[in-house]
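Structure, as structure tokens:
Any read-out appearing in this document is the output of simple, stated calculations on the displayed coordinates, not a laboratory observation. Everything numeric here is computed off the predicted structure, so don't read it as measured data. Positions of Cβ are generated from backbone atoms using ideal geometry, with glycine treated the same way; all protein chains shown enter the neighbour counts.
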Amino acid sequence: MARDRELIEPSSDLDSPAEVAEMVRRFYQDVAQDELLGPLFNDVAQVDWSAHLPKLTAFWSRALLGIEGYQGNPFRSHSEVHARSPFTVAHFERWLTLFHETLELGWIGANTERARELADNVARVHSQQLIGRAV
């Protein structure tokens, strides 16, 4: 699937709340429009993006920048969606592919690498717990 946004040269790290928010916005824009993931988020989970993006930004800001404010249980949320429409390995692999592509198109640096590693770990743990196979 071709990206419809302008390719930019990665020049900054995910080192501010604004950078994290932009990464989250770009990534989940792609997720929402993805042929495989979009229906899970939009139809099954019925995500309210205006409420969900700030929560996701808070999660990544805490993980990457140590900023307090995230409240939630990501595993519980994913488990509830999985109960309605089971995840597959392909879902986790696609999520990771889009995440990695988003980082490659916009950011470079130590926090960017930490984000990549955390995303890999989240996908591995959630896929193991939900479908019995780590990606």
Charges only on Cβ, +1 for Lys and Arg, -1 for Asp and Glu: so what's the dipole of the chain about the Cα centre, in debye to the nearest 20? 540 debye
Testing the spin-label approximation: label points 7 Å from Cα along Cα→Cβ at Asp43 and Ser85. State their distance in nm. 0.5 nm
Inter-label distance for Ala51 and Leu36, nm, one decimal - labels placed 7 Å from Cα along Cα-to-Cβ: 2.9 nm
With the charge dipole of the range 47-135 built from beta-carbon charges (+1 for Lys and Arg, -1 for Asp and Glu) about the Cα centre, the Cα from Thr97, His82, Ala123 projecting farthest to the positive end belongs to His82
Once amide H atoms are placed 1.01 Å from N in the peptide plane, what residues at a sequence separation of 5 or more from Ile108, or on another chain, have their amide H within under 5 Å of its amide H? Ser11, Ser12, Asp13, Leu14
What ³J(HN,Hα) values, in whole Hz, does the Karplus curve 6.51 cos²θ - 1.76 cosθ + 1.60 give for the range 88-102 when θ = phi - 60°, with x put for Gly and Pro? 10, 4, 4, 4, 5, 5, 5, 4, 5, 4, 5, 5, 4, 4, 4
Defining a contact as two alpha carbons under 8 Å apart and six or more residues distant in sequence, what relative contact order in percent does the range 23-135 show? 27 percent
Just how large is the dipole of the range 78-135 about the Cα centre, in debye to the nearest 20, putting +1 at every Lys and Arg Cβ and -1 at every Asp and Glu Cβ? 200 debye
Where the eigenvalues come from the Cα gyration tensor of the range 91-135, what are the semi-axes √(5λ) of the equivalent ellipsoid, largest first, in whole Å? 22, 11, 5
Could you list the residues of the range 116-135 with an amide nitrogen less than 19 Å from a label point located 7 Å from the Cα of Arg76 in the Cα-to-C-beta direction? 126-127, 129-130
For n ≥ 4 DSSP H runs only, could you compute -39500 (n - 2.57) per run for the chain, divide by its residues and tell me the 222 nm figure to the nearest 500? -21000 deg cm²/dmol
Percent of alpha-carbon pairs separated by more than 21 Å within the range 1-103: 37 percent
